1. Report yes if Arg150 is at pLDDT 95 or above, more than 11 Å from the chain's Cα centre (by Cα) and basic (Lys, Arg), otherwise no.
2. Looking at Ala74, Ala92, Ala67, Ala51, which is the one that is within 27 Å of Arg210 (Cα to Cα), modelled with pLDDT of 95 or more and of a type in the set (Gly, Ala, Ser)?
3. Lys50 - would you say it is of a type in the set (Lys, Arg) and either closer than 26 Å to Ile174 by Cβ or buried (at least 17 other Cβ atoms within 10 Å of the Cβ) (or both)?
4. What do you reckon, is Ala10 closer than 21 Å to Arg158 by Cβ, out of contact with any Gly (no Cβ under 7 Å at 6 or more places or on another chain) and surrounded by 19 or more Cβ atoms within 10 Å (Cβ to Cβ)?
5. What number of residues within region 70-95 satisfy the criterion of being under 13 Å from Val4 (Cβ atoms), assigned to a loop (DSSP other than H, G, I, E, B) and not hydroxyl-bearing (Ser, Thr, Tyr)?
6. Among the listed residues Ser120, Ser195, which satisfies the condition of being modelled with pLDDT under 95, among the polar types (S, T, N, Q) and touching a Pro at 6+ places or on another chain (Cβ under 7 Å)?
7. Within region 198-239, count every residue that is at pLDDT below 80 and farther than 27 Å from Asp87 by Cβ.
8. Would it be correct to say that Ser80 is in contact with a Leu (Cβ under 6 Å, 6 or more places away or on another chain), crowded, with 20+ Cβ neighbours inside 10 Å and hydroxyl-bearing (Ser, Thr, Tyr)?
Amino acid sequence: MTHVVAIVPAKDRVDSIAATVTALVELDMIGEVVVVDDCSIDGTGEMARKAGARVVTLERNLGKGGAVAAGVAASGAPDSYLLIDADLGASAAHANILLQPLVDDQADMTIGIFPKTGRSLGFGIVKRTAARLIEEATGRRFVEPLSGQRGVNGPLMRSLDLADGFGLEVALSIDAHIAGARIQEIPAPFSHRPSGRGPKGVAHRARQCRDVMKASAGRLGWRSTLETMVSGLLRNRTK
């Protein structure tokens, strides 16, 4: 059977981590669940451990990309990785949908598409920006460019230079494409707690946009990144 390690980066997710881990532990396709506790202060790591995960505790906050990189480094050399956000809760049980194409050798990376009712409640600016930057680099338009729910071939994952913070997903898509990987987007009935349009949600998206830009600039260069962003904003204003 294919050896799969699920990596769950988590920062202050005591409210959902136990349900997420429990759902993953119960999947036959997953051999181990590794939760990377990114300096949580609410007991996330202990809750994850009680639910059945192996917990990697970071001494300082590294952000999402750094947390996933730490999980990969601590996981040995599995055939495949499953990346899952900590806030999926019980809906993480649908992760097999992302793994089957890897097991069947039909894809090297799969990306989960959330149902419309489970998507972000924000303004969509960061998502559209990410989609345009990936398209500029790959020629392909992705439905969920920022989705953190991914199945990834093991050797492919270990060959990639993971981007920092929330630039992780954009970099994964670009770098996997450059490596010649077969990438599939797959609808999956995941659900999470989307950030809204309040101050916390706006601050989250500002950090997300910053990291997406940095990840893109590291691959396309700052000039191309900024030109793509500006052209996209101008296009939106004329609609």
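The values are calculated or read from the model by the stated rules, or taken from the named source; none is laboratory data. Note that the structure is predicted; figures quoted are calculated from it, not measured. Note: ideal-geometry Cβ built from the backbone for every residue, glycine included; neighbour counts use all protein chains shown.
1. Values: at pLDDT 95 or above: yes; more than 11 Å from the chain's Cα centre (by Cα): no; basic (Lys, Arg): yes.
Considered against the rule, which asks whether it is at pLDDT 95 or above, more than 11 Å from the chain's Cα centre (by Cα) and basic (Lys, Arg), Arg150 comes out as no.
2. Ala67
3. On the way: of a type in the set (Lys, Arg): yes; either closer than 26 Å to Ile174 by Cβ or buried (at least 17 other Cβ atoms within 10 Å of the Cβ) (or both): no.
Taking the combined requirement at face value, the residue does not satisfy it.
4. On the way: closer than 21 Å to Arg158 by Cβ: no; out of contact with any Gly (no Cβ under 7 Å at 6 or more places or on another chain): yes; surrounded by 19 or more Cβ atoms within 10 Å (Cβ to Cβ): yes.
For Ala10, the condition - closer than 21 Å to Arg158 by Cβ, out of contact with any Gly (no Cβ under 7 Å at 6 or more places or on another chain) and surrounded by 19 or more Cβ atoms within 10 Å (Cβ to Cβ) - is not met.
5. Qualifying residue count, region 70-95: 5.
6. On the way: Ser195 fails: touching a Pro at 6+ places or on another chain (Cβ under 7 Å).
Result: Ser120 is the single residue among Ser120, Ser195 that is modelled with pLDDT under 95, among the polar types (S, T, N, Q) and touching a Pro at 6+ places or on another chain (Cβ under 7 Å).
7. The qualifying residues number 8.
8. Working: in contact with a Leu (Cβ under 6 Å, 6 or more places away or on another chain): yes; crowded, with 20+ Cβ neighbours inside 10 Å: yes; hydroxyl-bearing (Ser, Thr, Tyr): yes.
Yes.
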